[in-house]
Amino acid sequence: MSKLRYLGLDTPAVRAMQAGGADSNGQAPERHVSDGGGNPCRHCLAYIPGGQAMLIIGHRPFPATQPYAETGPLFIHAQACTRYAENSGFPEALKNSTDFILRGYGHDDRIVYGSGSVVATSDIPARATELFTRDDIAFLHLRSTPNNCYQLRIERG
C-alpha cells in the first residue's frame, strides 16, 4: 500500500485564528469550553479534553470560493497545539468512529463524481490508496458520516 499523508489544518492559519483573526466566513472564532464529548481539533487531530478552551470556526478547505467549496463549522484548540504529523498514519482519535465519508477532488478543487462513499474506518487507508490510482483525483477529504463535517485532507505520500 502506498504512503498516505493525513493533513490537519495549516499552522499559520490556525495560529491567526487562535489570536482572534477571522475564519473563512470573515468572522472572529467563537470561544467555548469543550464538554469532552467529541470535539476533535482539526489541527492536531486529537480530541479537546473536557474543560479546555476551544474555538469554533467556519472553515472552507479550498483555496478560493467556487460552487464546490463547502464551508462548515470546525473545532480547534484555543491555545497553541502541534499540527498532526502528516506521515503518522491514520489519526488515533478518529479510530473511535465506525465510518466516514471519503470523497475525491480533482486538480480544479471540484468533487470527482463517483469517488465519494461511506467507508468503514478500518478500510480508509486501502480505499484512499485505491482512489489515488486514478489520475483525475488530486486529494481526498475525510468527512463525518452523521453531519458531513470536514475532518482532514488526505494526499499521496
TODO: Among the residues of region 1-49, count how many are under 22 Å from I154 (Cα atoms) and hydrophobic (A, V, I, L, M, F, W, C).
DONE: 11
Task: Complete set of residues in region 126-157 that are crowded, with 18+ Cβ neighbours inside 10 Å, farther than 15 Å from P61 by Cβ and touching a residue at least 60 places away in the same chain (Cβ under 8 Å) - done: A128, F132
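Output the residue which, of all residues in region 110-119 that are among the small types (G, A, S) and in contact with a Lys or Arg (Cβ under 9 Å, 6 or more places away or on another chain), is nearest to N96 (Cα to Cα). Please lay out each step first, then the result.
Keep residues of region 110-119 that are among the small types (G, A, S), which gives 114-117.
Checking the rest, the ones that are also in contact with a Lys or Arg (Cβ under 9 Å, 6 or more places away or on another chain) come to 115-117.
Details: S115: 24, G116: 21, S117: 19 Å.
Taking the candidates together, the pick is S117.
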Task: Filtered residues of region 108-127 (kept if touching a Leu at 6+ places or on another chain (Cβ under 8 Å) and hydroxyl-bearing (S, T, Y)) - done: S115, S117, T121
Open item on the list: I want to confirm something. Restricting to region 22-51 and keeping residues that are free of Cβ contacts under 8 Å to residues at least 40 places away in the same chain and in contact with a Pro (Cβ under 8 Å, 6 or more places away or on another chain), which single residue is surrounded by the most Cβ atoms within 10 Å (Cβ to Cβ)?
Closed with: I48
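Residue-by-condition table, conditions (1) in a loop (DSSP other than H, G, I, E, B); (2) touching a helix residue (DSSP H, G or I) at 6+ places or on another chain (Cβ under 6 Å); (3) at pLDDT 95 or above:
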residue	(1), (2), (3)
L9	yes, no, yes
G20	yes, no, yes
G38	yes, no, no
G58	no, no, yes
T65	yes, no, no
F75	no, no, yes
R83	yes, yes, yes
Task: Flag for L74 being surrounded by 14 or more Cβ atoms within 10 Å (Cβ to Cβ), more than 17 Å from L9 (Cβ to Cβ) and of a type in the set (A, V, I, L, M) - done: no
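The values are calculated or read from the model by the stated rules, or taken from the named source; none is laboratory data. Predicted model, so just to flag it, every value in this text is computed and none were measured. With ideal geometry, Cβ positions are generated from the backbone for all residues, glycine too; neighbour counts draw on all protein chains shown.
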